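I have placed the structure first, in the form of structure tokens, so that the comments after it can refer back to it.
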Amino acid sequence: MTPDVVPARIPEGRPALIGIVIVAHGGLAREYKAAVEHVVGPQPGISAISIDANCDRGTKEREICSAAESVDQGQGVVVVTDMFGGSPSNLSLMACRPDDRRILYGVNLPALIKLAKSRHKTLPEAVRVATEAGRKYIDSRNLSAGSA
């Protein structure tokens, strides 16, 4: 299966953006990408790769590396995974070896939206603000009538 990649074409007169590769269990990567584009619009230079239970690990590792290369516009690439220590993160490590690559694991939709809106920033700054957004929007409330 080939990754869901929109080529990283840079429109004339526009600066290069950070590339993003979303790697997650099952169909979550595709759904995250669809949700981000629903909120912020089409995003060239973003790839979504699904990791299924019976996938060939070597093939998937190469697919992730290839996707990272294809979305790289020269400003770096963030490989986003659903959880630390799972197959998506472990298979993404090789793609994150170059100095201009970062892995962002345990991501949620607010973090992805912030990352997509921050692709014009430096790589460290974009990852920082995305991480902050992801943490900020995790909370719990008791909405029963008797709670304060």
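Quick note: the coordinates plus some simple rules give every number you see, no bench work behind them. All of these numbers come straight from a predicted model, not from anything done at the bench. Don't worry about glycine lacking a Cβ; one is built from the backbone with ideal geometry, like all the others, and counts go over all protein chains shown.
Observations on the structure shown:
- Of Lys60/Lys117; Lys33/Lys117; Lys60/Lys114; Lys60/Lys136, those spanning more than 20 Å from alpha-carbon to alpha-carbon: Lys60/Lys117; Lys60/Lys114; Lys60/Lys136
- Options [x] 108; [y] 128; [z] 164 - which one matches volume of the Cα convex hull per residue in Å³ as calculated here: [y]
- Neighbours of Lys136 by Cβ distance under 15 Å: Lys/Arg scored +1, Asp/Glu scored -1, total +3.
- Sum of side-chain charges, Asp100 neighbourhood, beta-carbon under 14 Å (Lys, Arg +1; Asp, Glu -1): +1
- Val21 long-range amide H proximity, modeled H, under 5 Å: Ser47, Val78, Val79, Val80
- Mean residue ellipticity, 222 nm, helices only, the chain: the sum of -39500 (n - 2.57) across DSSP H runs of n ≥ 4, divided by residue count and rounded to 500, is -12000 deg cm²/dmol.
- Ascending count of other beta-carbon atoms within 10 Å, so fewest first, for Val79, Val39, Val107: Val39, Val107, Val79
- As a rough footprinting exposure proxy, the listed residues Val80, Val21 were ranked by other beta carbons within 10 Å of their own, and the order from fewest upward is Val80, Val21.
- Dipole orientation for the chain: of the candidates Ser50, His120, Thr81, His120 has the Cα lying most toward the positive pole (charges on Cβ; Lys, Arg +1; Asp, Glu -1).
- Taking other Cβ atoms within 10 Å as a rough exposure proxy, Ser92, Ser140 sort from fewest to most as Ser140, Ser92.
- For region 62-111, diffusion coefficient by Stokes-Einstein and Kirkwood Rh (Cα), 37 °C, 0.692 mPa s, µm²/s: 298
- With the simple spin-label model, which puts each label point 7 Å out from Cα in the Cβ direction, the Glu132 to Ala53 separation comes to 4.1 nm.
- Relative to the dominant Cα principal axis of the chain, helix 57-71 is inclined by about 90°.
- Look at the alpha carbon pairs under 8 Å that are at least 6 residues apart: their mean separation over the length of the chain gives a relative contact order of 26 percent.
- Total formal charge among the other residues, if their Cβ is under 9 angstrom from that of Ser87, Lys/Arg +1 and Asp/Glu -1: +2
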